[in-house]
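The values are calculated or read from the model by the stated rules, or taken from the named source; none is laboratory data. Since we're looking at a predicted model, the values are computed, not measured. Note that each Cβ is placed from the backbone with ideal geometry, even for glycine, and that neighbours are counted across all protein chains shown.
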Amino acid sequence: MTQTRLKRLLILNIPYVLIGLYATKLAEAWRLAEGTEISEKLLHLMDGFLAAFRSPWPSFVPSDLLLGVALGCLLRLAVYEKSRNAKKYRRNAEYGSALSLIHISEPTRQAEISYAVFCLKKKKKRL
């Protein structure tokens, strides 16, 4: 692996690593919040945040690290899927019908019958 390729790989993945490290803090806050049930944990979650963010270092408890790695990987996978699907569609290219809606009008006065006029125009192909 060349030096420039390794540098590019690291730069592109730094945001996901940082999000994963932040997710370890969220998991630590949940773990440090008082209570055994979900409602009690949610009630004391801010105390857990205060305790978790006293230290700038990520939590190295295995469950917290697992959640951080999972969240970082899921976010990376979502971005990868979105970018892969974006390549299927070309900008300024026609998909579907060759007709476009160019005008819709309605009367401005009150009448018993309301109407709309649809004028369809054939799209010009762009090269």
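Kindly list the number of the only condition in (1) surrounded by 17 or more Cβ atoms within 10 Å (Cβ to Cβ); (2) assigned to a helix (DSSP H, G or I); (3) within 25 Å of the chain's Cα centre (by Cα) that fails for Pro58.
(2) is the only condition that Pro58 fails.
Just to check your reading of the model, which residue among Leu42, Leu66 is within 19 Å of Ile14 (Cα to Cα), among the hydrophobic types (A, V, I, L, M, F, W, C) and surrounded by fewer than 17 Cβ atoms within 10 Å (Cβ to Cβ)?
Leu66
Looking at the structure I just gave you, is Ser63 assigned to a helix (DSSP H, G or I), at pLDDT below 85 and hydroxyl-bearing (Ser, Thr, Tyr)?
Working: assigned to a helix (DSSP H, G or I): yes; at pLDDT below 85: no; hydroxyl-bearing (Ser, Thr, Tyr): yes.
Against the criterion (assigned to a helix (DSSP H, G or I), at pLDDT below 85 and hydroxyl-bearing (Ser, Thr, Tyr)), Ser63 does not qualify.
Count, please, the residues in segment 1-15 that happen to be part of a helix (DSSP H, G or I), over 28 Å from the mean Cα position of the chain (by Cα) and either of a type in the set (Ser, Thr, Tyr) or surrounded by 10 or more Cβ atoms within 10 Å (Cβ to Cβ) (or both). Steps first, please.
Filtering segment 1-15 down to residues part of a helix (DSSP H, G or I) leaves 3-15.
In the following step, the residues that additionally are over 28 Å from the mean Cα position of the chain (by Cα) were identified as 3-4.
Remaining after also requiring either of a type in the set (Ser, Thr, Tyr) or surrounded by 10 or more Cβ atoms within 10 Å (Cβ to Cβ) (or both): 4.
So the answer is 1.
Taking segment 12-37 as the region of interest, how many residues are hydrophobic (A, V, I, L, M, F, W, C) and either within 14 Å of Cys73 (Cβ to Cβ) or modelled with pLDDT under 90 (or both)?
Residues that pass the stated criteria total 6.
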